Amino acid sequence: MTARRMHLVAYLKTGPTANHPGGWRHPEADLDDIFKPERYEHIARVLEAACFDAAFYADTFGLPDIHGGNFDAYLKHGGQITYLDPLMVLPLMARVTKHLGLGATLSTTFMTPYYLARTMASLDMLTGGRAAWNVVTSATELEARNFGMDGLPPKDLRYDRADDVLQACNALWDCWDEDAFVLNRETGVFIDPSKVRYADYEGPYVRTRGPLTIPRSPQGRPVYLQAGASDRGREFAARWAEMIFCTPHSKADAIAFTADIKARMAKYGRSPDQCKVLPSFAVVLGETRSIAEEKYQHLHGLIDPDAQRMLNSSLLGADLSKHKSVEDMAKVQGNQGVTGSTDRVLQLMRDEGISFDEATARPRGLLIGTATDVADQLEDWFRDGACDGFIVWPTVFPRMFEDFCRMVVPELQRRGLFRREYSGSTLRENLANP
């Protein structure tokens, strides 16, 4: 047994496809329930039964049209499209669970502090303290245009604004004291006005008067999830993040990333255990290694040759149907692109000695094998300090999550690496005491 236990968080989309562009074509992938509440209720129950810390919905605020100069490939090949607003399905998931953390992706570049604070306080209130906010600064010009902007601001400027927005949100969440509600019918006092105040926040980028109409929520503020990988993004994460979503290519890359983040936290008065670094992965499980490998080969064969580059075009912020080298990509990226995804491609090139064009056509690596094999790999990364746990994204939905929860989680529990029951009532409590 070990006192240190890992965290598990599910990466979800309100659609059939995540990071594997062929997963939706698998005969076991559910496609007919995308717009039905039961789909979201089911996955919530599966994850909570396995004691996952949380699930969050990744989101892009628009239909990607970088690859080929239009959105045709994204629609045809099944890109990571958000078909429903995650804020609509998270309350459905909350109704059928009691402990699972529930996260939404919202942008500090496009949205105002009052809207963000009000939305996340509402979610935290309705879930009894289980809300998480995947804080993004956004990475595509198409999103900026959808919000009436000519284009994205530079990355450092986006993070400067994000710092300002989070400070404004914190000021709004602190407008109410915890005991502001009186609810005294006899005296006729509903709320004590002396325990509610204006925020009157004014920063370099945003300002807001407040107060919110929503009282202080169970967590006070949502848990912050963040995925910044650039130098400026890492500084932002070191200051604010309680969970970090990252995509390193190798264990060595993960160790270096984790050490860097933890070292940066001290200047913000934070201890390393206040932020959980969570690399992402997906699995292909089998009763034997040969069965798992056979399943993988079938799954791999479902990827259209153009589909992987299509996904990477959106992540790297360059049309990979035209730009075939690092230099060409850099010339056209501008303010677009996810640094973590770019780093992963460069790390793959370095480790395997392949070209940029080959690397961008390569699907993300999957963990393949029996439940014991997969647990061995997770334990190896976890014990060697590469991470504090993992974010699990689906290949075939929901089957992959069902298999992982049925086969891998019990193996991790037998090894004393993962909880058998929840210890806290809020997401932040469960992150602190897994």
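The values are calculated or read from the model by the stated rules, or taken from the named source; none is laboratory data. Note that the coordinates shown come from a computational prediction; the quantities given were computed from them, not determined experimentally. Ideal geometry is used to build each Cβ from the backbone, glycine not excepted, and the neighbour counts take in all protein chains shown.
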key: Asp156 being surrounded by fewer than 17 Cβ atoms within 10 Å (Cβ to Cβ) and under 22 Å from the mean Cα position of the chain (by Cα)   = yes
ask   = Failed condition for Gly128, given (1) under 26 Å from Val277 (Cα atoms); (2) surrounded by fewer than 18 Cβ atoms within 10 Å (Cβ to Cβ); (3) at pLDDT below 95, with all others met?
value = (3)
inquiry  = Restricting to the stretch 44-84, give me the number of residues that are outside any loop (DSSP other than H, G, I, E, B), crowded, with 22+ Cβ neighbours inside 10 Å and either in contact with a strand residue (DSSP E or B) (Cβ under 7 Å, 6 or more places away or on another chain) or modelled with pLDDT of 90 or more (or both).
reply    = 6
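Select from the stretch 321-344 the residues that are part of a helix (DSSP H, G or I) and under 19 Å from Tyr74 (Cβ atoms) and write down the one among them that is modelled with the lowest pLDDT.
Gln333
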message = Quick check on my filter: what residues within the stretch 241-260 are assigned to a helix (DSSP H, G or I) and touching a helix residue (DSSP H, G or I) at 6+ places or on another chain (Cβ under 6 Å)?
response = Lys251, Asp253
remark   = Exactly one of Gly210, Gly188, Gly148, Gly220 is more than 19 Å from the chain's Cα centre (by Cα), at positive phi and surrounded by 19 or more Cβ atoms within 10 Å (Cβ to Cβ), and that one is Gly210
note = Out of (1) small (Gly, Ala, Ser); (2) within 30 Å of Arg309 (Cα to Cα); (3) surrounded by fewer than 18 Cβ atoms within 10 Å (Cβ to Cβ), the one Ala432 does not meet is (2)
request  = Just one of (1) farther than 29 Å from Ala371 by Cβ; (2) under 20 Å from the mean Cα position of the chain (by Cα); (3) in contact (Cβ under 8 Å) with a residue 40 or more places away in the chain trips up Asp304, so point out which.
outcome  = (2)
message = Being crowded, with 21+ Cβ neighbours inside 10 Å and touching a Pro at 6+ places or on another chain (Cβ under 9 Å) is true for just one of Gln336, Gln308. Which residue is that?
response = Gln308
message = Quick test of your reading of the structure: Phe71 fulfils all but one of (1) more than 29 Å from Pro215 (Cα to Cα); (2) aromatic (Phe, Trp, Tyr); (3) touching a helix residue (DSSP H, G or I) at 6+ places or on another chain (Cβ under 6 Å). Name the failing condition by number.
response = (3)
key: Pair list, Cβ under 8 Å, 6 or more apart: the stretch 407-434 residue of a type in the set (S, T, N, Q), other residue assigned to a helix (DSSP H, G or I) and crowded, with 21+ Cβ neighbours inside 10 Å   = Ser423/Asn430
request  = Just one of (1) within 20 Å of Pro279 (Cβ to Cβ); (2) crowded, with 19+ Cβ neighbours inside 10 Å; (3) free of Cβ contacts under 8 Å to residues at least 40 places away in the same chain trips up Phe404, so point out which.
outcome  = (3)
Options Phe190, Phe110: the member that is closer than 28 Å to Asp59 by Cα and at pLDDT 95 or above = Phe110
key: Answer from Val284, Val277 - the residue that is of a type in the set (Val, Ile, Thr), closer than 20 Å to Leu225 by Cβ and in a strand (DSSP E or B)   = Val277
key: Residue selected from the stretch 99-123 under the condition free of Cβ contacts under 8 Å to residues at least 60 places away in the same chain and assigned to a loop (DSSP other than H, G, I, E, B), by the criterion nearest to Glu48 (Cα to Cα)   = Leu100
ask   = Inside the stretch 127-196, counting only strands (runs of 3 or more DSSP E) that do not spill past its ends, which hold 1 or more residues that are more than 26 Å from Pro64 (Cα to Cα), in contact with a Leu (Cβ under 7 Å, 6 or more places away or on another chain) and aromatic (Phe, Trp, Tyr)?
value = 189-191
task = For Leu172, indicate whether it is modelled with pLDDT under 95 and not charged (D, E, K, R).
result = no
